[in-house]
Structure formats: structure tokens, C-alpha cells
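Below is one structure, written out as C-alpha cells; the observations come after it.
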Ligand SMILES: *Cc1c(COP(=O)(O)O)cnc(C)c1O
């Protein structure tokens, strides 16, 4: 117990759980960390060099306007720099959006299960989360989300592809939804996994930003660009919203190294896309092998796969860990495994066979032959 006068509403706030760090060895070989949707490739040489060149200058504060990076993002998407807002990872972007739109008594609406950071960030903003359950196919239920809008709704998040299920909304579905949202409520499309989305008729957040005055897009350099450790993400947002986000942003929250690494990554985007394409091919290979092994899993458009295992989830995560695979379990619901390097993916497929051998098949949703 403490005498310190802390915010009482924080008592109900869970802390963010980081994906388990990998011990280096399991009984039968190396351990792979497939618990945080990280990109398995190390930094591109061009990006590493760009950062190295800056190291002697870290006695200086970064450019708080991040002019080079904002300009590069604006040029990449054909938007104005006034529409670009940077953050210390896109979790800070989502946090800025919440703190710019919602406070005590206000509601932030999103599908559930979705990105586990959302409820915590809503609480930290002092607002309330409204969770709309995914459909039986693990997809956003946009009709139910539209029906859940109240006069207290201030922000709606659509995570596409959805973390942790990998499912998507189509452009037609999202347009139909946006047409139903009152134009004074901000909708953010969290496209952390956009580069991995190969769905036909996939929405493009920036196109919807151009079309709707209440739509913002959140992007990150952590996943496809492989910069999770340096922390940089951004929004493309309507100007009044962008201004409000900058007011609640952490001053100097994006380091000079992060700005430079992100700018260099945009210059190397074609080279990075080759890696993304390899991960997409691995995703298809792993899902194909699992399907051949009898699993029936949702098709994923992210760099991860969702195993809807219900009550078997915690036991399954333990078995996988014993076989050298660390995943992200959501007890009672399912577990998420990231697509990693080829060796890790082979190991995941083999370990999934151990689950089936242990009688864990997810009941109705995943059937082992
Ligand atoms: C990983 C992730 C992010 C952003 O992560 P940062 O490292 O903070 O940029 C945002 N949204 C979703 C859905 C994610 O999975």
C-alpha cells in the first residue's frame, strides 16, 4: 500500500505485457521469439549507416518538427506536411488521438479482441472503452460497431488487418461503415500491417482520409520497416485533428536517430518490400502446412497467425514454449504466432503438431486429422 495520492482510476488499469523475451535454448534446440510481431530481418545497411552517421550529434535535441521525415511522408502519400503527425511509435499516435478527442465521460469504440494497447491507452486518457465483439469469423462486426455509436463516442478505431486475428475489412465494407458514422466523430484506421495486406479490395487508409474529413490513418515503422526498437510512427490526419494531436504529443518524442532511420527506410522502401514479400510467402507456406496438418485457422493478412484455441490457449502456449516457440497467448481466446525466419516457422509448424498430439485442436474451430 502507498500513501501517495495517485489517480484512483489507474487501479483498474492493466499494465502492458511485452511479448516474452526468448531464452536462447529449449531442451531440443534454439528458442524463437514469435510473440511480438517483430520483423526478423536486421536493419538494412543503408539505414544502419544513416543512424551511425548521427551518433556523434546526440548531444543536441532533435528537430521537433521532424521536417525531413514529415516532408518525406507527405511526398510519399501526396498529402500536405500539415497533415502528418509523428509519434514515438504508432502507440503514441493512437494515444495522441485518444487524448486529442476523448476525456472523462467520453467513449472510444473498437472491435475486440484487437490490439491490446487500446484499452490501456483509453484508460490513461481518462476515457472509457466500448468493445464490440468480433464476428464468429474473427472479423470486425462493422454493423454492430455502427450500432454502438452513442452521443458520447469520440473516437472509433478500425484495426486493419486486425491484430491479433489477421482478418481484414474490405474497402466496400469500410466505406459503407464510414458513411454511417456521424462526420464529427473521428475514425482512425490503424494500418500497422498494411504492407502485409494482399486482400483484393483492401481499403487504403490514405484514400479514405482524402474522401472523409473525419478519417485519420495510423502507420508505424515497427513492422514492415523493421524499426521496432527505435520507436517511430505517424498519422495522416485532417488538419484540425493533426493540430490537436501535436498539442498532446510528447515534446521531442521522436529522437533524431528515429527520424533519420525512418527517412532512410522510406528511401529504401522497395528493398524493404522484398523482405515483406518473403514474409508474405512464408505466411502462405506456414498456413498451408498447418492446413495440411488439419488445422482450420483464419486467413491472415498480417505478419502473424491466429490460433483460436479458447480454453486450451494457456496450455497450448506452454507446449509451444517447451518446443522452442514463444507466442502471445490471450488466455481463454487464442494465441498469436508471428511469422519469423524460415527456421522459426518450420519449428512453429512442428510444434503445432505437438499441440494436436496433445489433443489441442481448438474444438470446433481447429480440427486435427
Ligand atoms: C505493433 C502495432 C502498432 C504499433 O506499434 P509501434 O511499435 O508503437 O509503432 C500499432 N497498432 C497495432 C495494431 C500494432 O499491432
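Numbers for the structure displayed
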quantity	calculated
Qualifying residue in the stretch 328-338 (condition: within 30 Å of residue 72 (Cα to Cα) and modelled with pLDDT of 95 or more)	yes
Test: residue in the stretch 23-34 that is closer than 26 Å to residue 219 by Cα, in a loop (DSSP other than H, G, I, E, B), within 16 Å of the ligand (Cβ to nearest atom) and touching a residue at least 40 places away in the same chain (Cβ under 8 Å)	yes
Subset tally (residues that are more than 17 Å from residue 99 (Cβ to Cβ) and more than 9 Å from the ligand (Cβ to nearest atom)) for the stretch 230-246	3
Residue in the stretch 65-76 that is surrounded by fewer than 19 Cβ atoms within 10 Å (Cβ to Cβ) and in contact (Cβ under 8 Å) with a residue 24 or more places away in the chain present	yes
Subset tally (residues that are in a helix (DSSP H, G or I) and under 15 Å from the mean Cα position of the chain (by Cα)) for the stretch 67-96	6
Wholly enclosed helices (runs of 4 or more DSSP H) of the stretch 210-309 bearing at least 1 residues closer than 30 Å to residue 349 by Cβ and at pLDDT 95 or above	269-292
Qualifying positions in the stretch 200-229 - surrounded by fewer than 22 Cβ atoms within 10 Å (Cβ to Cβ) and within 16 Å of the ligand (Cβ to nearest atom)	202, 228, 229
Unmet requirement for residue 251, which otherwise passes all of (1) free of Cβ contacts under 8 Å to residues at least 24 places away in the same chain; (2) within 30 Å of residue 62 (Cβ to Cβ)	(1)
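The values are calculated or read from the model by the stated rules, or taken from the named source; none is laboratory data. Quick caveat: nothing in here was measured; it's all calculated off a predicted structure. Reconstructed Cβ throughout: ideal geometry from the backbone, glycine too, with neighbour counts over all protein chains shown.
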